[in-house]
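Each remark here refers to the structure printed beneath this line.
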Amino acid sequence: MSLVKVKNKYQIVIPEDVRKKIKIEVGDSLEIIEKDGLVIAKPVVIVDKSQAYFWTDEWQKGEKEAEDAKKKGDFKDFDNADKAVKWLKS
């Protein structure tokens, strides 16, 4: 356990052992929440709004299905886009 002191502007220093354990670095973002009287700092990644669709549950489900199909060899491979479009239309 490490003790820290709240400084001017309510700043604290996160102890080195904690920083290393949760792998945070200068410039990272943290979500600060209070739960049952505890202050919890959770590392988060900020995603550009134009890329947010990729992280939706629906999109991630499709990514997992595609990865599973790839591992099983259950996919179609094409030499070029024209052949792929022709196959899709058939």
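Below, the figures for the structure above:
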read-out: Selection from segment 50-75 of residues that are more than 12 Å from the chain's Cα centre (by Cα) and either in the same structural domain as VAL26 (by TED's automatic domain parsing) or of a type in the set (S, T, N, Q) (or both); value: SER50
read-out: Test for GLU63: is it surrounded by 10 or more Cβ atoms within 10 Å (Cβ to Cβ), at pLDDT 95 or above and either at positive phi or part of a helix (DSSP H, G or I) (or both); value: yes
read-out: Pick from segment 26-44, criterion within 16 Å of the chain's Cα centre (by Cα) and acidic (Asp, Glu), ranking: surrounded by the fewest Cβ atoms within 10 Å (Cβ to Cβ); value: GLU31
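The values are calculated or read from the model by the stated rules, or taken from the named source; none is laboratory data. Bear in mind the structure is a predicted one, so any value in this text is a computation, not a measurement. Cβ atoms come from the backbone with ideal geometry, glycine included; neighbour counts cover every protein chain shown.
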